[in-house]
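For reference, the structure is listed below as structure tokens.
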Amino acid sequence: MKAGGNRGEVAKQLDAMFHTRDWRELRLDLVTYGLLRDKDDRLYRRLRRVVQEGYLIDNVKGSVALDIEWNAKDGNLDRDFGAYRAWHAAGALTAAVLITQDKVSLKPLAERLWAAYQETLPANQRSDKLPIDVYTSTTTNFDKALMRIRRGALGACPLLLVAACE
């Protein structure tokens, strides 16, 4: 029942569990070298090096990326899925995993837990207002990820989508 902030407690705890199992936070950059060859496969000219800068991935093990998107802005999904697609196409990534939440099923749970907690407080300290915004539609969640998967945002990159639910 705490706002996520920069990196919320749920994401920190999940990351810590993966880090104890030898997953590491890493950055993946792609470097492309182009070669022009003639019809006899002789080198005609080297093209300049192109660097595609990546970003820190929450957890990487082998050639699998695992990100935890918990209450982040939903634009993070576009960034993640676009990167997974490019990295997979380049042969740097075999699969990706995304852990998020199913807001639809967690909203009633949050409301019930908050109401039960309020019953333990003196009447003058109670509040019906949840300390978190479970009604927002701008943060990462299962439905937002599924929508992007259905429209093909990952290309051919395999993705395991895990969503916490009630």
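The values are calculated or read from the model by the stated rules, or taken from the named source; none is laboratory data. Since this is a predicted model, take the numbers as computed values, not measurements. Positions of Cβ are backbone-derived with ideal geometry, glycine not excepted, and every protein chain shown enters the neighbour counts. Please note that ligands, DNA and RNA were not included when accessible areas were found on the heavy atoms of the full protein model with its side chains. Shrake-Rupley method; radii C 1.70, N 1.55, O 1.52, S 1.80 Å.
Just give me a number: lysine pairs in the chain, eight or more positions apart or cross-chain, with C-alpha atoms less than 15 Å apart.
Working: Lys2/Lys12; Lys2/Lys103; Lys2/Lys107; Lys2/Lys129; Lys73/Lys103; Lys73/Lys144; Lys103/Lys144; Lys107/Lys129.
For the chain, the number of qualifying lysine pairs is 8.
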How large is the accessible surface per residue of the chain, computed with a 1.4 Å probe and reported in Å² as a whole number?
-> 64
Thinking of segment 77-157 as a set of Cα atoms, what percent of all their pairs are more than 19 Å apart?
-> 53
Listed residues Lys12, Lys73 arranged by accessible area, highest first, probe 1.4 Å = Lys73, Lys12
Mind sorting out which of [x] 85, 34, 22; [y] 46, 45, 29; [z] 79, 34, 29 is the real Cα extents along the principal axes in Å computed from the coordinates?
-> [x]
For segment 10-64, what relative contact order do you get, as a whole percent, if you take Cα pairs closer than 8 Å and at least 6 residues apart?
-> 42
Using a 1.4 angstrom probe on heavy atoms only, work out the carbon and sulfur share of the accessible area of segment 1-98 in %.
-> 50
Note on the chain, DSSP bridge orientation, antiparallel percent to nearest 5 equals 55
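How do the peptides 81-93, 150-162, 108-120, 29-41 rank, highest first, by the average count of neighbouring beta carbon atoms within 10 Å per residue?
Details: 81-93: 17.9, 150-162: 13.5, 108-120: 11.9, 29-41: 9.4.
Those peptides, ordered most packed to least, come out 81-93, 150-162, 108-120, 29-41.
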In whole angstrom, note down how far apart the Cα centers of segment 99-166 and segment 45-77 are.
-> 24
When segment 22-92 is reduced to its Cα atoms, the Kirkwood hydrodynamic radius in Å | 14.3
If you average the sequence gap of Cα pairs under 8 Å that are 6 or more apart and divide by the length of segment 1-137, what percent do you get for the contact order?
-> 23
Which of the DSSP-defined H helices in the chain satisfy a minimum axial length of 27 Å, computed from C-alpha atoms, and a minimum mean Kyte-Doolittle hydropathy of 0.0?
-> none
